[in-house]
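Here is the structure we will look at, set down as structure tokens.
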Amino acid sequence: MTFDAQGLLEFTRKTEGAPPPVFAGRGNVLEDIEGASGLAWESKDPGPEDPPTMQGGAPKNTRIVQGAPGAGKSSILAELVKRSAKGHDVPGQTRVVTFESSEIVENLPQVLHTIAAAACLERPRWREILRKAVVSLNAGLPSVSLDIGRLTDVPAPQSLSDLAGHYPRERWEVPVIVAVDEAQALPGSTTQPHALFLRGIHNAVRGLPLSLVLAGLGNTRDAAHEMDLTRGTTIHEIGGLDAEDSVGLMLGFCRHFGMDPTGHEARLEALAAPCEGWPRHLHFATRALADEAERCEGDLARVGWARVETEAAESRIRYYQHQQSAAMKKADGLTAAVLGRLKDGTKLSGALALIEDNVTDIAGHRLPKGMDAEDFYMHLIHRGALQERVDGTVHSPIPSFRTYLVRAGGPGPDAGPAA
């Protein structure tokens with residue numbers, strides 16, 4: 001096992017949002033997304049009597065991946081791209097193009113251009129473009145698709161109808177997954193071009209082998225509903241990894257950079273435990289280990305594990321401080337009261353009532369200026385303090401962040417069972 005000092009150095013220089021060097025868990029999510037793409041590709045050939053929605057493609061197969069900040073949603077999209085890239089020589093291998101929500105809204109013709117390139121370029125040309133794009137991906141930019149579009153001479157369609165007219169199903173080399181990151185920020189509209197485009201994919205109205213993935217915060221399903229992407233969507237709620245996957249990630253991280261973890265398994269397990277399986281916290285742990293391992297030339301026997309654990313813990317606190325917005329600080333008592341009294345099984349109406357019931361004229365317990373209870377509730381979701389489950393209940397997805405916010409709001413009420 002050869003220590004990859006340069007690779008480890010590059011890892012320590014990347015930002016928090018960069019795709020992880022080792023991907024763990026989420027196998028069921030990836031397989032479901034890829035399966036939906038396969039279904040779109042395998043749909044029967046159209047017959048003259050078939051309605052447009054049956055002429056190729058697969059309607060109602062949109063996937064929504066939602067979770068709190070730091071849950072690893074962008075990493076899932078990056079892993080989809082990597083898995084697709086590894087199989088680029090396989091006939092019919094799904095190709096993945098990823099976009100930020102702002103790109104869908106502001107640069108729709110370029111988005112369509114990218115999809116056309118992904119769908120219709122032959123494998124050698126696609127492989128050539130992919131090699132250039134993966135450089136950006138490895139630099140920590142999971143949204144590389146617009147660069148792919150600019151690297152091609154494929155004419156750019158202006159709408160989904162135009163895409164189907166210029167590039168009908170029989171010209172497609174492969175199925176294509178259109179993945180949108182930060183999808184909760186998509187404007188809620190049924191008539192704007194971006195909504196018509198996404199709904200056209202969702203309903204397979206042009207018979208193209210396209211499937212759609214929307215990745216975003218815990219209210220992404222609501223954003224989809226506002227664009228009339230409703231029936232048939234499958235929702236994957238992303239939370240923490242289980243203990244086995246967390247430890248597996250730590251072991252895989254060491255092996256990836258040529259550091260033999262044999263004999264250090266207990267140390268790695270102890271380093272992972274306070275992370276509660278939360279991907280962003282596991283990133284902090286691996287980052288702290290990387291800094292120390294670099295100093296020790298990859299020899300884990302020389303690592304100062306106490307320093308690593310201290311740095312990982314301090315990184316988590318810095319993250320909590322960053323996630324606690326100015327509005328939450330001004331309403332720290334209200335935040336603490338709401339999170340402290342939140343019970344498992346609480347519905348949206350109960351969460352809103354909990355906010356309203358704990359508003360007082362005491363400093364720290366007032367609603368932030370310009371916010372009502374619903375605004376404050378949505379703000380807590382966007383900061384990762386609350387999240388809606390698929391079953392409609394509300395919980396605090398990161399227990400340690402909940403504890404931090406309850407303590408930050410003063411003694412307040414005793415916290416109830418973690419929801």
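A few notes on this one:
- All told, Thr286 meets the bar of being among the hydroxyl-bearing types (Ser, Thr, Tyr), in a helix (DSSP H, G or I) and within 24 Å of the chain's Cα centre (by Cα).
- Qualifying residue in region 185-205 (condition: in contact with a Lys or Arg (Cβ under 9 Å, 6 or more places away or on another chain), under 30 Å from Asp375 (Cα atoms), assigned to a loop (DSSP other than H, G, I, E, B) and β-branched (Val, Ile, Thr)): yes
- Residue match in region 301-313 (condition: assigned by TED's automatic domain parsing to the domain that holds Arg280, touching a residue at least 12 places away in the same chain (Cβ under 8 Å), assigned to a loop (DSSP other than H, G, I, E, B) and not hydroxyl-bearing (Ser, Thr, Tyr)): yes
- Members of region 235-255 found to be crowded, with 17+ Cβ neighbours inside 10 Å and touching a helix residue (DSSP H, G or I) at 6+ places or on another chain (Cβ under 8 Å), listed by number: His236, Ile238, Gly240, Leu241, Ser246, Val247, Leu249, Met250, Leu251, Phe253, Cys254
- Checking Val394, Val359 one by one, the residue that is more than 24 Å from Leu282 (Cβ to Cβ) and in contact with a His (Cβ under 7 Å, 6 or more places away or on another chain) is Val359 and no other.
Every residue, every condition in (1) in a loop (DSSP other than H, G, I, E, B); (2) more than 27 Å from the chain's Cα centre (by Cα); (3) on the phi > 0 side of the Ramachandran plot, yes or no:
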{"residue": "Ile355", "(1), (2), (3)": "no, yes, no"}
{"residue": "Asp361", "(1), (2), (3)": "yes, yes, no"}
{"residue": "Arg366", "(1), (2), (3)": "yes, yes, no"}
{"residue": "Met371", "(1), (2), (3)": "yes, yes, no"}
{"residue": "Glu374", "(1), (2), (3)": "no, no, no"}
{"residue": "Pro397", "(1), (2), (3)": "yes, no, no"}
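- Selection status of Asp228, assigned by TED's automatic domain parsing to the domain that holds Ser75 and of a type outside the set (S, T, N, Q): yes
- When Gly263, Gly218 are screened for being part of a loop (DSSP other than H, G, I, E, B) and under 16 Å from Gly384 (Cα atoms), only Gly218 passes.
The values are calculated or read from the model by the stated rules, or taken from the named source; none is laboratory data. Computed from a predicted structure; not experimentally measured. Backbone-built Cβ (ideal geometry, glycine too); neighbour counts: all protein chains shown.
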